[in-house]
Amino acid sequence: MSLSSVNVSRPMEVPHGDTSVMTGIFKRAVVGAVAVRRLNLDGDGQADLVNHGGESKAVYAYSLDHYDYWREALGRDDMPYGQFSENLTVAGLDEARLCIGDQLQIGDALFTISQPRVPCFKLGIRFADKRVPKMFALSLRTGFYLRVLKEGTLKAGDTVDVVAKGVGGLSIRSLFDAYLKPNDREALRLLARAIEIPELSPEWRGHIGERLARRPDLGR
């Protein structure tokens, strides 16, 4: 895998219906080395710190390979790097192969994969198309969030190397697919596996725990 682009933005106020919202979703590519901090990249920020950001969602990675799919699905060509609010646009990123807990070396920074991305309404604002969040989820092309294990610097053109595999062997795509099936027995069994993986984010651990508690009849 290789890092095609590094994208950041500060939160800004944008129109939304009859009101406005603060969002950091309008990422733009930057040139040169970027410092990786414990909670984000230099020059980046999150507007909603309840649902975004924090140690388990410090950096968001998305696959360059998915861009062609979205150009066709949405019938549009205007998709610069950062279109999906990703900090890291990565060529060769595959959610079916990469797993919760995998460690990625990029530049001299080290990361671990903590959870898939669940789209919110702001992705619809980014595309000026309210269909996009649902389409994004159903496509299973979610990308993933990263926890920073070692601060450092990175830049476009760096290789993205898997230097250690997560103990659970649970792929991002399998996990998100199971998350979309709240009444499926096999999906709940997979979710029960997920909460045993130490690198899974506290947010997802909590959501999954609540779901399993509501449906003990399907979790066995």
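Only the coordinates and a few stated rules stand behind these numbers; no lab work does. In this text the structure is predicted, and so the values were computed from the model without any measurement. Quick reminder, even Gly has a Cβ in these numbers, built from the backbone with ideal geometry, and neighbours come from all protein chains shown.
Taking helices (runs of 4 or more DSSP H) as the structural unit, those lying wholly within region 164-220 and holding at least 3 residues that are of a type in the set (D, E, K, R) correspond to 185-194, 202-214.
Being hydroxyl-bearing (Ser, Thr, Tyr), loosely packed, with under 13 Cβ neighbours inside 10 Å and over 23 Å from Gly92 (Cα atoms): is that true of Ser9 here? Criteria not met by Ser9.
Taken over region 27-46, the criterion of being within 21 Å of Ala137 (Cβ to Cβ) and either out of contact with any His (no Cβ under 9 Å at 6 or more places or on another chain) or surrounded by fewer than 14 Cβ atoms within 10 Å (Cβ to Cβ) (or both) is satisfied by Lys27 alone.
So in region 172-202, with the set limited to residues that are among the hydrophobic types (A, V, I, L, M, F, W, C) and without any contact (Cβ under 8 Å) to a residue 60 or more places away in the chain, which one is surrounded by the fewest Cβ atoms within 10 Å (Cβ to Cβ)?
Taking region 172-202 first, the residues among the hydrophobic types (A, V, I, L, M, F, W, C) are 172, 175-176, 178, 180, 187-188, 190-192, 194-195, 197, 200.
From the residues that got through so far, the ones that are without any contact (Cβ under 8 Å) to a residue 60 or more places away in the chain too are 178, 180, 187-188, 190-192, 195.
Details: Ala178: 21, Leu180: 11, Ala187: 20, Leu188: 23, Leu190: 18, Leu191: 24, Ala192: 16, Ile195: 16.
Residue satisfying both the conditions and the ranking: Leu180.
Out of Gln105, Gln115, one residue alone is in contact (Cβ under 8 Å) with a residue 40 or more places away in the chain, out of contact with any helix residue (DSSP H, G or I) (no Cβ under 7 Å at 6 or more places or on another chain) and not hydrophobic (A, V, I, L, M, F, W, C). It is Gln105.
Taking region 86-112 as the range and being surrounded by fewer than 22 Cβ atoms within 10 Å (Cβ to Cβ), under 19 Å from Val30 (Cβ atoms) and of a type outside the set (Asp, Glu) as the test, the residues that pass are Ala91, Gly107. Of everything in region 172-202 that is among the hydrophobic types (A, V, I, L, M, F, W, C) and in contact with a Cys (Cβ under 9 Å, 6 or more places away or on another chain), the residue that is farthest from Leu138 (Cα to Cα) is Ile197. The set of residues from region 45-93 being in contact (Cβ under 8 Å) with a residue 60 or more places away in the chain and over 26 Å from Met22 (Cα atoms) comprises Leu64, His66, Tyr69, Ala73, Val90, Ala91, Gly92, Leu93.
Taking only region 150-163 into account, find how many residues are closer than 15 Å to Ala58 by Cα and either small (Gly, Ala, Ser) or part of a strand (DSSP E or B) (or both).
4
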